[in-house]
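The values are calculated or read from the model by the stated rules, or taken from the named source; none is laboratory data. What you are looking at is a predicted structure, and each value in this text was computed from that prediction instead of being measured. Counting neighbours? That spans all protein chains shown, and the Cβs are built from the backbone with ideal geometry, glycine included. Note: areas computed on protein heavy atoms with side chains; ligands, DNA, RNA excluded. Shrake-Rupley method; radii C 1.70, N 1.55, O 1.52, S 1.80 Å.
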Amino acid sequence: MKLLIVLTSHSELGNTGKKTGFWIEEFAAPYYVLADSGADISIASPLGGQPPVDPKSEVPEAQTPATKRFYTDLDAIDKVANSIKLSDVQYSDYDAVFYPGGHGPLWDLVNDKYSIQLIEDFYDAGKPVAFVCHAPAALVNVKAENGEPLVKGKKLTSFSDTEELAVGLDKVVPFLLEAELIKLGAEYSKGADWASYVQQDGLLITGQNPASSEAVATLLLKTLQDKK
């Protein structure tokens with residue numbers, strides 16, 4: 001299996017002067033679920049090179065066995081540091097795509113034309129697309145073949161508005177993701193705040209928060225294996 005992971009290139013947390021980026025656990029847990037299954041993984045981002053890391057994902061209480069493994073995995077660190085530019089990626093080279101979260105996607109992947117086209121191409125070609133936490137923001141401007149929002153009528157989840165409120169960023173983010181997805185016609189559902197919760201609607205797989213990242217990757221893997 002050849003899999004693509006897409007990370008954000010956005011590092012500014014609105015006008016707060018603070019930094020954001022991708023959430024390490026949401027990358028690391030899925031990366032090892034997929035890599036340990038024998039998948040060949042490539043990493044891309046809008047700008048290429050080193051994607052920014054959300055500093056809050058580096059604090060001691062945010063660490064997991066997967067993040068600790070990542071910090072000592074020089075090959076994986078190098079792969080992330082040298083991510084491919086999204087504009088250079090061909091969907092036909094991969095079997096599926098996975099988007100980790102962090103707040104960054106709310107600013108860049110939501111409007112990135114290459115990301116939007118990539119998701120549409122994967123989906124239209126019958127290839128699974130998976131997202132966790134804030135990464136479903138990348139779906140907001142994605143269209144189905146009929147021109148409607150891809151998420152319309154789809155069962156999905158994402159970082160919830162109550163979780164955004166809990167972290168105190170509901171007035172900082174450009175939009176509240178749960179509310180935006182519902183506005184687009186998605187059949188949004190969520191579990192308890194901070195608990196693992198995943199949804200699958202055909203090729204579309206989504207997870208609510210960092211605790212859901214491993215479950216999303218496991219579901220993606222199962223979907224690929226079932227397709228075979």
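From the list 62, 28, 44, 76, the lone residue that is touching a Leu at 6+ places or on another chain (Cβ under 7 Å) and surrounded by 14 or more Cβ atoms within 10 Å (Cβ to Cβ) is 44. The set of residues in the stretch 189-218 that are open to solvent by 40 Å² or more (accessible area, probe 1.4 Å), part of a helix (DSSP H, G or I) and touching a residue at least 24 places away in the same chain (Cβ under 8 Å) comprises 214, 218.
Scanning the stretch 95-127 for residues that are surrounded by fewer than 24 Cβ atoms within 10 Å (Cβ to Cβ) and polar (S, T, N, Q) turns up 111, 117. Enumerate the pairs (first residue in the stretch 120-132 and under 14 Å from residue 145 (Cα atoms); second residue anywhere and open to solvent by 10 Å² or more (accessible area, probe 1.4 Å) and of a type in the set (Phe, Trp, Tyr)) with beta-carbon separation below 8 Å, excluding pairs fewer than 6 apart on the same chain, so at least 6 apart or on different chains. Qualifying pairs under 8 Å: 121/91; 122/91; 122/94; 125/91. Going through (1) touching a strand residue (DSSP E or B) at 6+ places or on another chain (Cβ under 8 Å); (2) surrounded by 17 or more Cβ atoms within 10 Å (Cβ to Cβ); (3) at negative phi one by one, residue 85 falls short only on (2). Name the single residue that is farthest from residue 106 (Cα to Cα) among those in the stretch 152-183 being part of a loop (DSSP other than H, G, I, E, B) and without any contact (Cβ under 8 Å) to a residue 40 or more places away in the chain. Looking at residues that are part of a loop (DSSP other than H, G, I, E, B) and without any contact (Cβ under 8 Å) to a residue 40 or more places away in the chain, I get 153. Residue check: is residue 186 surrounded by 14 or more Cβ atoms within 10 Å (Cβ to Cβ) and either in contact (Cβ under 8 Å) with a residue 40 or more places away in the chain or farther than 20 Å from residue 214 by Cα (or both)? Criteria met by residue 186.
The residue list 178, 164 contains one member that is touching a Ser or Thr at 6+ places or on another chain (Cβ under 7 Å) and open to solvent by less than 50 Å² (accessible area, probe 1.4 Å), which is 178.
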